[in-house]
Amino acid sequence: MLLLGIETSCDDTAVAIVRDGRDVLANVSTNQDEFHRAYGGIVPEIASRAHLALLSAAVEHTLNRAQIALDACDGIAVTYGPGLIGSLLVGVATAKAFAYAARRPLYAVNHLHGHLFAPFLSHGESPPYPFLALLVSGGHTQLVAVDAPTQLRILGKTRDDAAGEAFDKTARLLGLGFPGGPALDALARDGDARAIAFPRYRPEGDALDFSFSGLKTSVRYFLERPENAAVRREDVAASFQAAVVDVLVARVAAAYARGSFRAVALSGGVAANSSLQSSLRAWAQRNGIELFVPSLAYCTDNAAMIAAAAEAQGEAVRVDPLHLSADPNLPFERIGSAA
Ligand code: KG4
Ligand code: ZN
């Protein structure tokens, strides 16, 4: 199928055209960072107003770039949750209008499922089922068994902060801008990851959960102690990053050992982290495991992954364009809209 994807769950106004869930003909994303930077975080009201101002033009621009008419698309895929209600509503209303006007089927995609299918985009090969997915973003950190496109099981998740949130909060402690993840990653490149032994969270028993708030707090205490004033920020960044990456890789290894997975896939904004990518690659290589990592543009929020998920989940997520509503608290398990 040739699908038009729309993603507006947070602060990226994103549109894409994807063939057969893998060939990306156009992928347009308008980042709103400059509108939110002054506030040190995303302001929901600003995000929804920006989506409203940008989305229609973004759809037109994407169709032009792919040299495709709306009529040539076989369907429209849109994120309907979870996310910011105002932001979601703009995407859902726009997708419904286009689907209704062009008389094309509408596919309602769970944003988190979108991330799971990002590794299928523009790759020679697709991950074989069942695969183990590590989804690490600003709002979520979870290990998922992807048994089939519509058979998804959460094996472990964070008990407090998401990995991206930990990066953003720690970056703020280090005086880096927003969003902090990429800036911290860059700073850590010049640091010594063994300089400071920050704690690595271990869940009790055989749980596969994560926790990052204790780590963030110990970075804060470390920075507040006068005797640490001279410690290089690069070393703090690298040591913090190593603690996050160690925990993520350890939990992937533990989950993998327990299932009969055929591959591992990484996705979400934090998948862009250079140290996480190299550590996971080294682990996969040592153990002869196939690892799928989306290219950078498909790690962070984008609309191509929404089209990829709609292609994979097909009829299960097809909805009536007149009755779809946004669901800011959409549970991970929900596939297709209830309406
Ligand atoms: O998936 P995403 O674009 O949005 C959510 O759905 O949350 O993820 C954004 C998160 C932010 O917390 C950002 O700081 C983090 O991904 N991130 C990174 C890197 N690039 C983005 N974290 C660490 N290293 C990076 N290179
Ligand atoms: Zn996301």
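Remarks
- One residue from Ile335, Ile306 being in contact with a Ser or Thr (Cβ under 8 Å, 6 or more places away or on another chain) and modelled with pLDDT of 95 or more: Ile306
- Residue count for the range 9-49, restricted to those that are part of a loop (DSSP other than H, G, I, E, B) and away from ligand 2 (no atom under 16 Å from the Cβ): 5.
- Of all residues making up the range 107-150, the number that are among the small types (Gly, Ala, Ser) and at pLDDT 95 or above: 6
- Residues of the range 28-57 that are farther than 22 Å from Pro82 by Cβ and either assigned by TED's automatic domain parsing to the domain that holds Phe167 or touching a strand residue (DSSP E or B) at 6+ places or on another chain (Cβ under 7 Å) (or both): Val28 alone.
- Checked against the criteria, Thr217 does not count as of a type in the set (Val, Ile, Thr), within 16 Å of ligand 1 (Cβ to nearest atom), over 18 Å from Ala272 (Cα atoms) and in the same structural domain as Ala272 (by TED's automatic domain parsing).
- Of the strands (runs of 3 or more DSSP E) entirely within the range 66-145, those holding at least 3 residues that are within 21 Å of the chain's Cα centre (by Cα) and more than 14 Å from ligand 1 (Cβ to nearest atom) occupy 75-81.
- Every residue from the range 162-187 that is within 16 Å of Gly139 (Cβ to Cβ) and either more than 10 Å from ligand 1 (Cβ to nearest atom) or outside the structural domain of Leu223 (by TED's automatic domain parsing) (or both): none
- Which numbered condition Glu125 misses (of (1) within 30 Å of Ala257 (Cβ to Cβ); (2) buried (at least 22 other Cβ atoms within 10 Å of the Cβ)): (2)
- Close pairs from the range 256-285: first within 16 Å of ligand 1 (Cβ to nearest atom), partner of a type in the set (Ser, Thr, Tyr) and part of a loop (DSSP other than H, G, I, E, B), Cβ under 6 Å, at least 6 apart: Gly268/Ser137; Gly269/Ser137; Gly269/Thr300
- The range 290-301 residues that are farther than 13 Å from Glu125 by Cβ, paired with ones that are within 12 Å of ligand 2 (Cβ to nearest atom) and among the charged types (D, E, K, R) (beta carbon under 9 Å, 6 or more apart): Thr300/Asp12; Asp301/Glu7; Asp301/Asp11; Asp301/Asp12
- Only one entry in Asp74, Asp20, Asp11 is buried (at least 23 other Cβ atoms within 10 Å of the Cβ) and in contact (Cβ under 8 Å) with a residue 24 or more places away in the chain, namely Asp11.
- Of the residues Thr150, Thr141, Thr170, the single one that is more than 16 Å from ligand 2 (Cβ to nearest atom) and in contact with a Leu (Cβ under 9 Å, 6 or more places away or on another chain) is Thr170.
The values are calculated or read from the model by the stated rules, or taken from the named source; none is laboratory data. Keep in mind that what you see is a predicted model, and the values were worked out from it rather than measured. Glycine gets a Cβ as well: all are built from the backbone with ideal geometry, and neighbour counts include every protein chain shown.
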